Amino acid sequence: MKAGSPIADSLHASLAELQQHAASGRADYATRQRWLEGLQRMVTDHQAEWIAALNADFGCRSAVETRLAELFPALEGIRLARRRLGRWMRPQRRGVSLWFWPARAAVRPQPLGVAGIIVPWNYPLFLAIGPLTSALAAGNRAMVKMSELSPHSGELMARLCERYLGRDVVRVINGGLDVAAAFGNLPFDHLLFTGSTRVGRMVMQAAAANLTPVTLELGGKSPLLVTPGFDMARAAASVVAGKLLNAGQTCVAPDYVLVHADDRDAFVAALRAAARRAYPRLAGNPDYTAIINQAHYQRLLAWRDEAAGHGARVEALGEEDADLLAAERKFPLTLIEQAPAECAVMREEIFGPLLPIITYRQLGEALAQIRLHPKPLALYLFDDNRARATRVLDSVLAGGVCLNETLLHVAQDQLPFGGVGSSGMGHYHGYEGFVTFSKMLPVFTQSRLAGTALIRPPYGKVMQTLLRLMLGKVK
Ligand code: NAD
């Protein structure tokens, strides 16, 4: 989308207006608290509307999941930011080396200006409010691009942001891919993108033209490794909870499982039991979220059939009428074993309830399997042996790690969140989010008593002696 098209012109005009507001004065502590309180109110006071909007976007979005995985983490993030804001904003004293004593050094966090935030459809509330919390806490204005696949949430976000924050603080943009592309071309002071690795590449390329720094929150195949002897029922219950939340449409959902060959039968039996207990039925079950649209539903069916066609063992957990499930776009947890490496389920991020299970004999084989893929967004390890767990963590790099549990590392606002390699770059949540959207301005203050005159020209003997001392010896 070139500047000059009506869409690009209107986006540029919005950005220019926000830039003017940003330039009119830095947002102080009280202003930022007011903004964060506005965010908090638009979540807390409109819970029923959020639940309804998300349900409309998905066809069926579990109200419990919306409260647990969108409203709650969004509010937790805002509450932490409000509690810590004063501490985060305070200038940080830093040391100066002996040579510059008694000068002083400090880091003063400053707002960058106007941030861009691009949001995917899978958690439209949390993935808009989370980055907004960081951007506003850091004193920035923001433009937020919602996903074309979650229009109801997008419309509600636009309405509530206008009401609780105002158009001089946040603009929410809704629209299709043409709008998204034009949005990515805007010269923001920082751009946080959450979405696929494929689109992340395009976003980074567009941002490069403006030298806009990016935080990319991407996806990938997050492995789940169960070590020999681990309690299979405990592991399976966590796998089912993590894989079926939002019907697997979660960036950090366990993508595939590695289990010791001797534990395979016990693990699969435990999975069957855990899935039956969690979701006794899928059709008509308001607690089981639907696949977002027909295209994604068909994609999952095609990937399942491709694996079966290549000789994989495929087992859908729970017997239900396929037509009924299709009508509701409910997809059962489907185990896939012995699928060849070239199948889509073994290569691509699954983003749905298909679960490849891979067996290993030696832990090294399992780790080698993980390393076949680019660095994942999450690594799940089920292991009660601390020393072995540490060895595994030291040998695989991932965006984040969750030990003996799935997903919950994301809910820890005192931990940074972000990918590595093709699962993303940069961090947000909590303090790291504040830093991402701030210029951490280094300030050096000279003292009246400074000895700087000694290191200025004309260079004489004193300078030579000083330099010998300054350059030192290797001890
Ligand atoms: P997507 O990449 O298709 O779209 C994400 C957003 O980018 C949408 O708002 C879309 O409109 C916009 N977009 C599309 N083309 C664009 C362009 N050329 N320039 C700028 N923006 C553009 O992703 P999706 O299907 O909405 O979400 C699923 C993906 O997101 C999965 O890969 C998942 O792993 C990932 N994800 C990552 C996280 C995380 O925190 N790391 C969280 C949720 C989802």
Considering Cα pairs under 8 angstrom that are at least six residues apart, work out the relative contact order of the chain and quote it in whole percent. 19
Farthest towards the positive end of the dipole of segment 223-416, among Leu317, Ala368, Ala233 and with Cβ unit charges of +1 on Lys and Arg and -1 on Asp and Glu, lies the Cα of Ala368
Can you give me the % of accessible surface on the chain that is carbon or sulfur? Probe 1.4 Å, all protein chains present, nothing else counted. 56
Does a label point 7 Å from the Cα of Ser395, set along Cα-to-beta-carbon, have any residues of segment 342-362 with amide nitrogen under 18 Å, and which are they? 358-362
Nitroxide proxy distance, nm - points 7 Å out along Cα→Cβ at Met204 and Val64: 3.9
Label-point gap, in nm, between Glu315 and Arg234 - each point 7 angstrom along Cα→Cβ: 2.3
Please work out how much length the chain gains when fully extended from Ala23 to Lys475, using 0.36 nm per residue of separation minus the C-alpha to C-alpha distance, in nm with one decimal. 157.6 nm
Could you give the dipole magnitude of segment 223-416 about its Cα centre, charging the beta-carbon of Lys and Arg +1 and that of Asp and Glu -1, in debye to the nearest 20? 260
Roll a 1.4 Å probe over the protein chains and send me the accessible area per residue for the chain in Å². 46
Using +1 at the C-beta of Lys and Arg and -1 at the C-beta of Asp and Glu, which of Trp99, Leu156, Pro131 has the Cα lying farthest in the positive direction of the dipole of segment 84-229? Trp99
Tilt of helix 29-44 relative to the longest C-alpha principal axis of the chain, in degrees (0 to 90, nearest 10)? 10
Estimated FRET transfer efficiency (Ala322, Asp168; beta-carbon r; R0 56 Å; 0.05): 0.60
Can you give the charge dipole size of segment 243-287 about its Cα centre, rounded to the nearest 20 debye, using +1 on the beta carbon of Lys and Arg and -1 on the beta carbon of Asp and Glu? 240
Under 13 Å from a point placed 7 Å out from the Cα of Arg276 along the Cα-to-Cβ direction: which residues of segment 229-270 have their backbone N that close? 269-270
For a label point 7 angstrom out from the Cα of Phe72 toward its Cβ, which stretches of segment 227-251 have the backbone nitrogen within less than 14 Å? 241-242, 245-246
Given GluC sites (Glu not before Pro), DSSP loops and at most 12 other Cβ atoms within 10 Å, the longest exposed-site-free stretch of the chain is 1-318
Taking Cα atoms, how many degrees apart are the long axis of helix 294-309 and the longest axis of the chain, rounded to 10 and kept between 0 and 90? 60
For every other residue with a beta carbon closer than 15 angstrom to the beta carbon of Gln414, add +1 if it is Lys or Arg and -1 if Asp or Glu, then tell me the sum. +2
Lysine pairs within the chain, Cα separation less than 29 Å, 8 or more sequence positions apart or different chains: 14
Using alpha carbons only, how many degrees (0 to 90, rounded to 10) separate the axis of helix 461-471 from the longest principal axis of the chain? 10
Leading residue at positive end of dipole, the chain (Cβ point charges), from Cys343, Leu381, Tyr297: Leu381
Hydrodynamic radius by Kirkwood for the chain, inverse mean 1/r across distinct Cα pairs, in Å, is 24.4
Lys, Arg +1 and Asp, Glu -1 on Cβ, resulting dipole of segment 157-232 about Cα centre, debye, nearest 20: 160
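The values are calculated or read from the model by the stated rules, or taken from the named source; none is laboratory data. Small disclaimer: the values here were computed from a predicted structure and weren't measured. Cβ: placed from backbone, ideal geometry, glycine included. Neighbour counts: every protein chain shown. These area figures cover heavy atoms from the full protein model, side chains too; ligands, DNA and RNA do not enter into them. Shrake-Rupley method; radii C 1.70, N 1.55, O 1.52, S 1.80 Å.
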